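Encoded as structure tokens, the structure appears first; notes follow it.
The values are calculated or read from the model by the stated rules, or taken from the named source; none is laboratory data. Being a predicted model, the structure only gives us computed values, none of them experimental. All Cβ positions, glycine included, derive from the backbone under ideal geometry; neighbour counts span all protein chains shown. Keep in mind that these areas ignore ligands, DNA and RNA; they rest on the heavy atoms of the full protein, side chains included. Shrake-Rupley method; radii C 1.70, N 1.55, O 1.52, S 1.80 Å.
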Amino acid sequence: MKIRLIAAIVAAAGGQLIGRVRLQKTMYLLDQLGLNSGFEYEYHHYGPYSRDIDNATADAKAFDLIKEEYEHRQSDGAMYSIFKLQQTAERNIAAYGALGRERVSDLVGLFACTNVTVLELAATIDWLW
């Protein structure tokens, strides 16, 4: 189920993932590396984008698997999202698919601390390639 995958990705990031763009690019890059989530992507303003991910994220919030908090950047006041794993969410190892929990955790950990612009560029380059 795709909403469990969203929660599993937030869990793999240590229980917190910052930014909607980061979530989108993380999922896209994981799919390109073999996750096979089933999300469909199209090209949008910041590279590959999936409305399915937005819908699954909204559903994961509705089912109390994750919560979304909002903060404002100090530099310009722009709002950004912080996704947090809820205590009620079960850690579904099967959600990591063919990549496995350990590989996904390593990759998500890397993506979580990578500059979001670098993730955007990496995903866009892959898409255009």
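Quick look at the numbers
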quantity: Cys113-Gln87 pseudo-label distance in nm [points 7 Å out on the Cα-to-Cβ vector]; calculated: 2.8
quantity: Calculated FRET value between Asp59 and Met79, using beta carbons and R₀ = 25 Å, to 0.05; calculated: 0.70
quantity: Full-extension gain in nm, Asp106 to Leu33, via 0.36 nm per residue minus C-alpha separation; calculated: 25.0 nm
quantity: Helix runs (DSSP H) in the chain reaching 30 Å along axis by Cα, Kyte-Doolittle at least 1.6; calculated: none
quantity: Carbon and sulfur %, accessible surface of the chain computed with the full protein complex present, 1.4 Å; calculated: 51
quantity: Cα lying deepest toward the dipole's positive end in the chain, options Gly97, Gln74, Leu119, charges on Cβ; calculated: Gly97
quantity: Magnitude of the charge dipole, the chain, Cβ model with Lys/Arg +1 and Asp/Glu -1, debye to 20; calculated: 240
quantity: Label-to-label distance, nm, for residues given as Tyr70 and Glu42 (7 Å Cα→Cβ offset); calculated: 2.5
quantity: Spacing of the two label points (7 Å from each Cα toward its C-beta) at Ala98 and Asp126, in nm; calculated: 1.4
quantity: The chain, helix-only ellipticity at 222 nm - DSSP H runs n ≥ 4, -39,500 (n - 2.57), divided by all residues, nearest 500; calculated: -15000 deg cm²/dmol
quantity: Cleavage-rule hits (trypsin sites (Lys or Arg not before Pro)) in region 9-98: DSSP loop, at most 16 neighbouring Cβ within 10 angstrom; calculated: Arg73, Arg91
quantity: At 1.002 mPa s and 20 °C, Stokes D of the chain from Kirkwood alpha-carbon radius, µm² per second; calculated: 147
